[in-house]
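The values are calculated or read from the model by the stated rules, or taken from the named source; none is laboratory data. Source: prediction; values computed, not measured. Cβ coordinates were reconstructed from backbone atoms using ideal geometry, including for glycine residues, and neighbour counts include every protein chain displayed. In case anyone asks, the SASA skips ligands and DNA or RNA and just uses the protein heavy atoms, side chains included. Shrake-Rupley method; radii C 1.70, N 1.55, O 1.52, S 1.80 Å.
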Amino acid sequence: MFHHPGAMGDSDLRSRVVLESIRPAVDGGRYPIKRTLHEPVEVSVQMFADGHDRVAGDLCFAGTEHDDPLRVPLRKVTGDLHCAVFVPDALGIQRYWIEAWIDRWATWCDGSAKKAAAGVDIAVELQEGMAMLRDASVRAAPQHRAALDRAAAALKEPGAAHRLELVLGPHIAELMHAASERRHATRSEAHEVWVEPERARFCAWYELFPRSASPDPARPGTLQDVTRRLEYVAELGFDTVYLPPVHPIGRTKRKGPNNALVAAPEDPGSPWAIGSAEGGHLALHPELGTWEDFRALVERAESLNLHVALDVAFQCSPDHPWVHEHPEWFRHRPDGSIHTAENPPKRYEDIYPLDFESPDAGELWNALLNVFTFWIERGVRSFRVDNPHTKSFRFWAWVIRRIKEMHPDVIFLSEAFARPNVARHLAKSGFTQSYGYFPWKNGRGEIEEYFREITRPEVLDYMRTSSWTNTPDILTEYLQWGGRPAAVIRAILAATLSASWGVYGPAFELVDVRPRQAGSEEYLDSEKYQVRHWNLNASHSLAPLLKRLNEIRRTYPAFHSDRTLEFLPASDPAVVAHRKSGGGRTLVTVVSVDPHGVRETELELPFVDGTRPYQVHDLLSDERYLWTGQRQRLRLDPASMPARVFVIREEHRSESDFEYWT
């Protein structure tokens with residue numbers, strides 16, 4: 001993008017270099033790009049000037065625009081396209097920009113070499129070159145001055161062509177670039193990059209309800225029970241354990257089992273109906289335990305390399321203290337009553353939405369910021385945010401930036417089941433990860449189309465999609481119809497297609513796929529409204545599969561990013577095949593999306609050398625093969641295993657090496 005002088009912090013009207021199409025940039029730099037710690041940022045720019053002078057430039061990056069930047073020289077790729085890479089080495093908000101200038105040394109080298117080759121007298125040019133080298137020596141770092149002085153002296157030697165060869169090499173060019181005068185340099189506007197921890201890009205979430213964590217069917221679960229359950233979650237290989245709201249639950253209009261409008265006195269209500277006489281968003285439900293119990297939970301999680309994530313739902317039950325202390329934070333009807341939450345035809349009489357158009361919006365925003373900081377101070381570094389698309393976009397941009405400035409390791413997962421533009425704008429506003437439409441993408445065509453869209457570089461620069469097999473609100477028709485094989489299929493697809501994935505358990509691994517009624521995505525006897533007890537040792541549990549998938553993901557860096565995803569041709573339209581690469585390994589996953597029928601397909605591997613044998617290891621079955629050719633036939637049976645996850649190794653010395661390869 002071209003900026004007139006002065007529009008980019010450059011007030012020198014003699015600046016001649018034009019900078020266009022700086023990438024990555026989200027909406028021209030209006031919003032930050034996202035990377036994780038030590039994840040390279042490759043920046044490109046179209047860079048040129050009037051006339052025939054050569055141009056040079058640096059990619060600059062720093063914590064703030066007032067810090068001394070680190071510089072990486074831009075290299076020419078083709079035409080006017082130049083690129084450079086920097087690697088963020090600290091969490092937080094960093095800035096990068098381009099500085100470019102007329103490269104007088106490169107221009108001199110190019111012109112002098114052409115004149116010398118044509119037999120033109122270059123005595124004056126040699127004097128110019130000596131002057132440029134001596135000027136650069138004054139500006140250069142002390143360790144570089146001797147080399148520049150020697151180059152200047154070399155131009156006094158007899159023989160113009162010989163003297164030119166001494167100074168035209170890449171070493172002198174590099175020293176001259178570093179010591180360039182950079183007169184009348186053009187500087188682009190600074191773009192932001194939010195540098196986040198690795199789990200922002202690569203993680204595995206496991207959701208559970210604390211009140212259903214009790215091993216004793218005679219009582220509901222507590223935080224102490226969750227602490228004991230953590231070892232199970234860690235054993236399955238998940239790194240984030242996510243808890244629905246843990247606050248006091250209101251009694252007014254409390255819902256009963258299966259969302260019944262009338263609750264019995266013993267019914268626990270929905271955790272999302274937040275607030276009672278015991279407190280609101282800054283309180284623990286007294287039946288779950290004490291603050292000491294919560295502290296012990298966080299500490300035990302940390303010892304198991306688990307992160308505790310909390311659900312943040314900015315809404316209130318009619319009994320929430322804010323309803324009485326700040327009635328102006330809610331929208332009122334003409335009769336004086338407060339609007340309840342609605343998603344027609346659904347109505348949630350036990351929930352009051354907050355009014356982000358309140359005359360007291362500033363105080364409301366600060367109170368909500370305080371909710372985050374309160375839980376951060378108690379060890380929480382991951383938040384799943386409920387229905388963010390029903391709250392102010394400007395609020396999210398403000399509050400997430402404030403949190404990131406104070407605590408750059410905190411991540412936010414957006415429940416962004418909304419229109420694509422809305423979901424993407426939430427990501428641009430700062431959310432680290434986003435729920436996506438994966439649960440409803442079940443056929444091969446729609447799966448491939450969806451993942452091609454969300455893994456385009458332009459989208460990955462600001463939006464990371466977390467693929468979830470199910471949630472307490474989403475029991476898809478596919479899972480209901482396909483049973484256990486469908487759950488296996490969805491787990492393998494989610495875990496291999498996405499660097500971040502999640503399951504709502506134990507409902508998922510125990511294949512609880514009973515809908516409340518035909519055509520509904522609500523669970524029968526949903527944990528949202530009642531306590532459940534789970535037999536984690538059931539023989540039909542998918543726990544071994546989940547454990548193996550997470551082991552594979554951790555072992556192979558190919559699954560740590562979504563940037564290398566590539567779909568492969570398969571002859572059966574009910575088979576999804578994809579490739580990811582990283583860490584020197586290629587991983588190919590082949591999954592039948594038919595949970596009922598056996599599928600046979602011909603898989604194409606255009607990236608292998610089809611003339612030589614290559615080694616293949618199925619990481620799910622532990623079977624090993626020696627293949628030749630770019631086409632292979634596979635049989636996928638949902639009754640046993642409807643998928644393969646292959647690691648492919650093309651390098652080998654002989655067939656006898658195969659049995660020793662691991």
message: Run the numbers for Asp335 and Asn366: contour at 0.36 nm per residue of separation, minus the present Cα-Cα distance, in nm.
response: 8.2 nm
statement: Shape call for the range 544-600, from the Cα gyration tensor axes a ≥ b ≥ c (a/c under 1.5 means rounded, otherwise prolate when a/b beats b/c, else oblate), comes out oblate
- request: May I ask for the distance between the Cα centers of the range 134-187 and the range 16-50, given as a whole number of Å?
  value: 29 Å
- line: FRET efficiency for Ala90 and Val422 from the Cβ-Cβ distance with R0 = 30 Å, rounded to 0.05, comes out at 0.40
task: Please work out the average accessible area per residue across the range 463-606, using the 1.4 Å probe convention, and give it in Å².
output: 32 Å²
- prompt: Counting Lys +1, Arg +1, Asp -1, Glu -1, what net charge surrounds Gln224 among other residues with beta carbon under 15 Å of its beta carbon?
  reply: -1
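Mind ranking 365-375, 591-601 by how tightly packed they are, going by the mean number of other C-beta atoms within 10 angstrom, highest first?
Descending packing order for the listed peptides: 591-601, 365-375.
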- prompt: Is the shape of the chain rounded, prolate or oblate, going by the alpha carbon gyration tensor and its root eigenvalues a ≥ b ≥ c, with a/c under 1.5 for rounded and a/b larger than b/c for prolate?
  reply: oblate
message: Just to be sure I understand: of the beta bridges DSSP finds with both ends in the chain, what percent are antiparallel, rounded to 5?
response: 70 percent
- prompt: Using +1 on the beta carbon of Lys and Arg, -1 on that of Asp and Glu, and nothing else charged, what's the dipole of the range 56-118 about the Cα centre, debye to 20?
  reply: 420 debye
FRET efficiency, Ala113 to Arg401 (Cβ-Cβ, R0 56 Å, nearest 0.05): 0.65
statement: Applying the gyration tensor rule to the Cα atoms of the range 94-175 (axes a ≥ b ≥ c; rounded if a/c under 1.5, else prolate if a/b exceeds b/c, else oblate), the class is oblate
message: Heavy atoms of the protein only, probe of 1.4 Å, neighbouring chains included. What is the accessible area of Asp50 in Å², nearest 10?
response: 80 Å²
Low-density loop positions, GluC sites (Glu not before Pro), the range 243-334 - DSSP coil, at most 16 other Cβ in 10 Å: Glu266, Glu278, Glu287
- request: Pick out, from His320, Leu288, Pro334, the residue whose Cα sits farthest towards the positive end of the charge dipole of the range 230-367, with +1 on the Cβ of Lys and Arg and -1 on the Cβ of Asp and Glu.
  value: Pro334
- request: Run the accessible area of the range 318-384 with a 1.4 Å probe and give the carbon-and-sulfur part as a rounded percent.
  value: 49 percent
- prompt: If you take the charge dipole of the range 123-198 about its Cα centre, with +1 on Lys and Arg Cβ and -1 on Asp and Glu Cβ, which of His191, Ala140, Pro170 is farthest toward its positive end?
  reply: Ala140
query: With charges only on Cβ, +1 for K and R and -1 for D and E, what is the dipole size of the range 385-505 about its Cα centre, in debye, rounded to 20?
result: 240 debye
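Give Lys441/Lys580; Lys34/Lys441; Lys76/Lys404; Lys34/Lys391; Lys255/Lys391; Lys255/Lys428 a once-over and call out the pairs whose C-alpha atoms are over 30 Å from each other.
Pairs exceeding the cut-off: Lys76/Lys404; Lys255/Lys428.
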query: Based on Cβ point charges of +1 for Lys and Arg and -1 for Asp and Glu, what charge dipole magnitude is obtained for the chain about its Cα centre, in debye rounded to the nearest 20?
result: 680 debye
Val55 - accessible surface, heavy atoms, 1.4 Å probe, Å² rounded to 10: 30 Å²
query: When the helix-only estimate is applied to the chain (DSSP H runs of n ≥ 4, each -39,500 (n - 2.57), divided by the residue count), what is the mean residue ellipticity at 222 nm, nearest 500 deg cm²/dmol?
result: -8500 deg cm²/dmol
Inter-part distance where the range 86-122 and the range 381-429 are each reduced to a Cα centre, Å: 41 Å
query: Taking the Cα centre of each part, how many Å lie between the range 269-297 and the range 192-235?
result: 16 Å
message: Tell me the accessible surface of Arg624 in square angstrom (1.4 angstrom probe, heavy atoms of protein chains only), to the nearest ten.
response: 90 Å²
field: Positive dipole terminus of the chain, leading residue within Ala574, Ser520, Ala56 (C-beta point charges)
entry: Ala56
